[in-house]
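The next block holds one structure in the form of structure tokens; read it before the comments.
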């Protein structure tokens, strides 16, 4: 690291906050990053994962709020910070914290139980066109998130009413997958790595994925929606944000460290293992991406009747008793 960045270094334990329980999507990100930071060998203090699940991953941000201006507390960030604010589930968004970097994108899998009569993407499109209201769909964390937006785009392409499917919302994608395995919902629209265990056990089948091109490994046989002539390329990115009030030297340090971490073999192995697509961004490019995403998601959320234009904005959203 440069001499400028040596003006600040962490001097005690660093926490990376994950808004899901161990094994959940945000937890996978945090643990992969901890391993990569260790492999980079540039931090002299322990780096740990702090799981704060609950309230659709929103509870984690309450924990971050308790550490305002503390550069030793980071959190896994994601598009829900935008969508939760837009649909009125939260009074905070990325502007309430300090965006540091975007790391990768994970695409959305459309999964059914292995014995489902929905045998392929064409069968799902037919069902959406003819009787979307009878389709029960399991989603994770909240209405209006990227999973829901991907679902809406597919239903709209099929000619159905995007508001018609019965949506069941769960606190994590793993819970949504368990819901289709148990037969309670017919379809799950979830980040693809969340299907890995059920897929390996033969409990689910993936009909299509919202990626721009076919994924690799165990997902290589899964068609993209683009291959099915459906305009649905939607991803759920993951990144790192700091608490409100941290300084430029703190941000510069973490940007430099994250660039070192994502260059390691450990991180690239995690990308391949989880079907994650690298999309590193920081600084002004990151802020522009967040603003472009906000505008794009606002359009679909308005079509779904979920956009709230009257929700108050607050940089602070919880108190200690909420956490």
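Only Cα pairs under 8 Å and 6+ residues apart enter the sum, and on that basis the relative contact order of segment 144-222 stands at 21 percent.
Within the listed set 164, 270, 229, the residue fluctuating most in the Gaussian network model of the chain (springs between alpha-carbon atoms under 10 angstrom) is 229.
On a full-extension model of 0.36 nm per residue, what is the gain between residue 287 and residue 227, subtracting their alpha-carbon distance, rounded to one decimal in nm?
Between residue 287 and residue 227, full extension yields an extra 18.5 nm.
Can you pull the Rg over Rh of segment 216-278, Cα-only, Kirkwood? For segment 216-278, the value is 1.13.
Annotation: the residues 296, 27, sorted from fewest to most other C-beta atoms within 10 Å of their own C-beta, follow the order 296, 27.
Across segment 1-139 the C-alpha pair distances fall into 5 Å bins from zero in the proportions 2, 8, 14, 17, 16, 12, 11, 8, 5, 3, 3, 2, 0 percent. The length gained on full extension between residue 44 and residue 13, counted as 0.36 nm times the residue separation minus their Cα-Cα distance, comes to 10.2 nm.
Beyond 25 Å, what share of the Cα-Cα pairs of segment 106-219 is found? Please give it as a whole percent.
10
Would you list 287, 139, 215 from fewest to most Cβ contacts within 10 Å? Least to most surrounded, the residues fall as 287, 215, 139.
Overall, the anisotropy analysis places the chain in the prolate class: the square-rooted eigenvalues a ≥ b ≥ c of its C-alpha gyration tensor yield a/c not less than 1.5, with a/b exceeding b/c. When 219, 280 are sorted by how many other C-beta atoms sit within 10 angstrom of their C-beta, beginning with the fewest, the order is 280, 219.
Normalised by the residues of segment 19-163, what does the relative contact order come to in percent, with Cα pairs under 8 Å and at least six apart? 19 percent. Residues considered: 261, 198, 30. Largest GNM mean-square fluctuation over the chain, using C-alpha springs under 10 Å, is found at 198. Remark: relative contact order (the chain) = 29 percent; criterion is Cα-Cα distance under 8 angstrom and separation of 6 or more residues.
No value in this document is a laboratory result; all are computed from the given coordinates. This structure is a prediction, so every number in the text was calculated from the model and none was measured. Cβ coordinates were reconstructed from backbone atoms using ideal geometry, including for glycine residues, and neighbour counts include every protein chain displayed.
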